[in-house]
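One structure below.
Only the coordinates and a few stated rules stand behind these numbers; no lab work does. Please read these numbers as outputs of a predicted model, since none were measured by experiment. Here Cβ is always computed from backbone atoms with ideal geometry, including for glycine, and neighbour counts include all displayed protein chains.
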Amino acid sequence: TYSKIYKKMNDVIKFVKKEVQNNNQIFWVCPLIQESKKLDHQSAIKKYEFLNKIFPGEVAIIHGNIQSNEKEKVLKKFLQKKYKILVSTTIIEVGIDFPNANVIVIENANKFGLSQLHQLRGRVGRGEKQATCILMFKENLSENARKRISILKKSNDGFFISEEDMKLRGFGDLLGFKQSGIKNFRLADPIQNQDLFFLAENEIKRIEKEETNLTKYKPLIKLYDRAEIINDLV
C-alpha cells in the first residue's frame, strides 16, 4: 500500500501504464458520481473521461446511477479482460471478485474510514499476482487522516485495523444505532478492558445457570440480553 498526493498523479499514471502493458487490470475508485461545490471529491465521471483520453477504449465505468443490467454487462466485460481499467464509486466495496485485478487506486483516501479503505483494498490481490493499493489525497491532511493512511500502509490485519478505526472514530453506541463518536462508558473501555468484559460475560452465564432467584439480577440480565446483539456481530 502506497500513498500519493495529487501532485504525483503523473507517477501514478506511469505505474498504471506499466500494469496495463503487463496485461493487468486496475480499479480506480472515486467517492462521488459528479462534482460537488460543497465537496472537493473527484467524480467518477470526470476521472473516466480523463483516463479514457490516456487509455482510449480500455476504460469502463460503473456507479450507483447505472441500471443493474448495464452494470452487469460492464462487469462481465471487465472479467473477460475487454477493459483494463474500471472506474467506480464505492459500490465495488463488496461482492466483486476479479482475480486479474491487482491494482486499486483510491482517490480522496482521506475521506474514507479505515474499515472502508481496508474493504476496498481487499478487492485486489485475489489471484496469484502481487497486489498494489495506491491511496491518493490532497495536501494539508488532518491529523486523523494522516493516522488512517499510516495505519493502512503498515498493516493488512483486519482486526488491528478495525480496532484502530474504533480508537480514531469512537466506539459509537454499542447497544444502539450510533456508529461513531465517543460513548460515555462509565465502567469500562471496550478495548482497554477486554478481559473485564469477558469476565463479566462468564459471570452472568454462571448466574443464569446456577442461581434460582434472579430477581435482584434483573437489570443486569436485561443489559446482557441486549449485549448479545454485539456477540452475534463480532
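Over all Cα atoms in segment 41-100, the spread is summed up by Rg and Dmax: 11.2, 30 Å. Ranked by how many other Cβ atoms sit within 10 Å of their own Cβ, fewest first, the residues Val74, Val87 fall in the order Val74, Val87. Among Ser3, Ser150, a tally of other beta-carbon atoms within 10 Å of each Cβ gives an order, fewest to most, of Ser150, Ser3.
Potential lengthening of the chain between Asn23 and Asn144 amounts to 39.9 nm, from the contour at 0.36 nm per residue minus the alpha-carbon distance. Inter-label distance, Glu128 to Asn10: 3.7 nm, where each label sits 7 Å from its Cα along the C-beta direction.
Taking other C-beta atoms within 10 angstrom as a stand-in for reagent exposure, Val12, Val59 fall in the order Val12, Val59, fewest first. Here is the link list: Lys53/Lys153; Lys167/Lys209; Lys4/Lys167. Which ones come out longer than 27 Å on Cα distance? Over 27 Å Cα-Cα: Lys53/Lys153; Lys167/Lys209.
Between Ile91 and Met166, the simple label model (points 7 Å from Cα in the Cβ direction) yields a spacing of 3.3 nm.
Along its principal axes, segment 2-169 has C-alpha extents of 42, 39, 32 angstrom, given from the largest down.
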